[in-house]
Every structure is written in structure tokens, then in C-alpha cells.
Amino acid sequence: MAGVRLLGPAEVRDLAELLGIQPTKKLGQNFVIDANTVRRIVRIAGVSAGMTAVEIGPGLGSLTLGLLETGASVVAVEIDARLAGQLQHTVDAAMGADPSSAPLAATGGEAAPSAGSPQLTVVTADAMTVTTLDPEPSVLVANLPYNVSVPVLLHFLEHFPSLRSGLVMVQAEVGQRLAASPGSKIYGSPSAKAAWYGDFRLAGSVSRQVFWPVPNVDSILVAFERHKQPGTEAERVATFALIDAAFQQRRKMLRQALAVALGDAGQASAVLETAGIAPTLRGEQLTVLDFLQVARSAARSA
């Protein structure tokens, strides 16, 4: 969509000053200040006109504007009431901004949105408490707060089956774990749980310098495509419980790691063997489908 003015370093800092925002580690606030990075994220995510994207933690609106620029609708979930209250004003100003005008923060958000501008819905809430959205999103695109990135992502995949794909920017170490395959040293609980919902892949790195303030960790883009859920909701809950148990003691063989969850080591061995899984394996060697088979075997033996 023509006429959308994305945020640069000066606009981001002016907006933060206007709102009295001091970025905090507690809320994972590192704001993107580079328009090229924003457009790259949107392009890789495949967002286009007519789609509805959910953005978690829009902050000052850098990525929100990039999403709206495509003609897509955006549902933005923001925990900070000051940021949530400003977002629509920032969007209105950006869509009506003259490139030679004063910084967006100086407009006070008074500019009217351009005719036919896409819809922005702002939800002021902790993302972990959100279980319904209107309109329902088809794609998730977000710069996720590093301290809660995996729980938030899994929460949205669980509660929003309308999500078909997505792209998230997370701490590099976390992103590598999400996309890890069984057998690798970094494969763990996040990897197995994410695989329940879809196929995850690394989609590029992001420079620290595109953030304000500059974080002390590297960032990475992780893309996903949703696939059919392999089991029922009850089976998912049971499977995830086994995944947690296996990786809480990842150095132990499964017959030991799952002993408490399945009754004792002998019962765990029996359940594993019935599922076709060697009791001497470790959790990092199992796919999510393997864990599902163990859950089903346990249910049959109960």
C-alpha cells in the first residue's frame, strides 16, 4: 500500500519519549528501527493483501506498519497499555504522513488514516491469556519478547487453528532449538512440541544493530507452515507431558526418565516396548510422533 511511512531510529525514539517509555528487559522490549528489516520480515512471511496477521508485542509499531503496508489486516496484541493506546495513532499518522513533515510523535496521532486503509485491531492483554481474536488470523508475524517466546508461540498454535503459517523473530539460540531435528544436541522440548503443530525452519539472521536498545544476544527468523495435528487434544496433552518428563532428565534413558510419569521403570519399559520404542533410547532421539505412540501405548495399558 502506497503512502505508508515506516519508522526509523528518530521516529522510534521520539515515540518512546512521547510515551515516557524506557525499554525494559522484563517485557523484552527491543524495538526494530530499520525499515529494510521490517520489509524483509514481511516478505519472508508471505503476507499479502486480504490476509489477517496477528502480531504479538507490536511495541511502537515498526512491524505493524510493514504488515499494513501490504494491504493485510492486523490484530496486534500488546501487554503495555501505553503502547497499545498509541498504536492506532501511530498508524493513522504514518498513513497520512508527508515525508517532509515533523517526526510522527510530534503529530500527537491526529492525522486521519488514508481512505481505504487496512484494518488494525489492537488488543491490550497478556498474550498468554488470549484465546479468541476477531478477526481470526491466518498468519502470525512477530518480534517475540525473548523471555516468553516459546510459551507464547505454543499458546497461539494451540488456541488458533486458523493460523496456517508464520514468521517469528526470536533469540538465536531459541530459534535454533525450535527448528532442531531429533538426534541433535539442541533438540529438546520446544523442538518436539513445535513439531506437533507444523514444520519449522530457520529463515535468516538479524543484526543486533536494527534494534533499540541494542540487545546483548543475536536474533534469528524462524518460519513455520502448519500441518494436520497428528492426534486428538487429549493425546496432545498426554504427549506433551511425556516430552516434558523426557527432557527434564534428558541424559537418562527413557525407561528412567519416564518412570515417574508412567508408574515406575518397569512399567515405563513395558509401555515403551509396546510402542515400538527401545527403553534404552533418550528423549532427544524421538520424534513427536514417537512420543505420541508412547502416549497411546500408556493409555491402552492404563
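The values are calculated or read from the model by the stated rules, or taken from the named source; none is laboratory data. If you're wondering where the values come from, they're calculated on a predicted model, not measured in any experiment. Cβ: placed from backbone, ideal geometry, glycine included. Neighbour counts: every protein chain shown.
Applying the criterion of being of a type in the set (S, T, N, Q) and more than 28 Å from Ala35 (Cα to Cα) to the residues of segment 192-237, the residue that is modelled with the highest pLDDT is Thr232.
Which members of segment 218-230 meet the condition of being surrounded by 13 or more Cβ atoms within 10 Å (Cβ to Cβ) and over 16 Å from the mean Cα position of the chain (by Cα)? Talk me through it step by step, then tell me what you get.
Quick first cut of segment 218-230, residues surrounded by 13 or more Cβ atoms within 10 Å (Cβ to Cβ) only: 218-226, 229-230.
Within segment 218-230, Asp218, Gln229, Pro230 meet the criteria.
Picking from residues in segment 86-121 that are modelled with pLDDT of 95 or more and out of contact with any Gly (no Cβ under 8 Å at 6 or more places or on another chain), the one that is nearest to Gly8 (Cα to Cα) is Leu120.
Restricting segment 255-275 to residues that are of a type outside the set (A, V, I, L, M) and in a loop (DSSP other than H, G, I, E, B), the residue that is nearest to His159 (Cα to Cα) is Gly263.
Per the conditions (1) of a type outside the set (Gly, Ala, Ser); (2) assigned by TED's automatic domain parsing to the domain that holds His155; (3) out of contact with any Leu (no Cβ under 9 Å at 6 or more places or on another chain); (4) buried (at least 19 other Cβ atoms within 10 Å of the Cβ), the sole criterion not satisfied by Val288 is (2).
Within segment 28-44, being more than 12 Å from Ala72 (Cα to Cα), crowded, with 21+ Cβ neighbours inside 10 Å and at pLDDT 95 or above holds for Thr37, Val38, Ile41. Can you find even one residue in segment 178-185 that is more than 24 Å from Ala295 (Cβ to Cβ), modelled with pLDDT of 95 or more, surrounded by fewer than 16 Cβ atoms within 10 Å (Cβ to Cβ) and basic (Lys, Arg)? No, segment 178-185 has no match at all.
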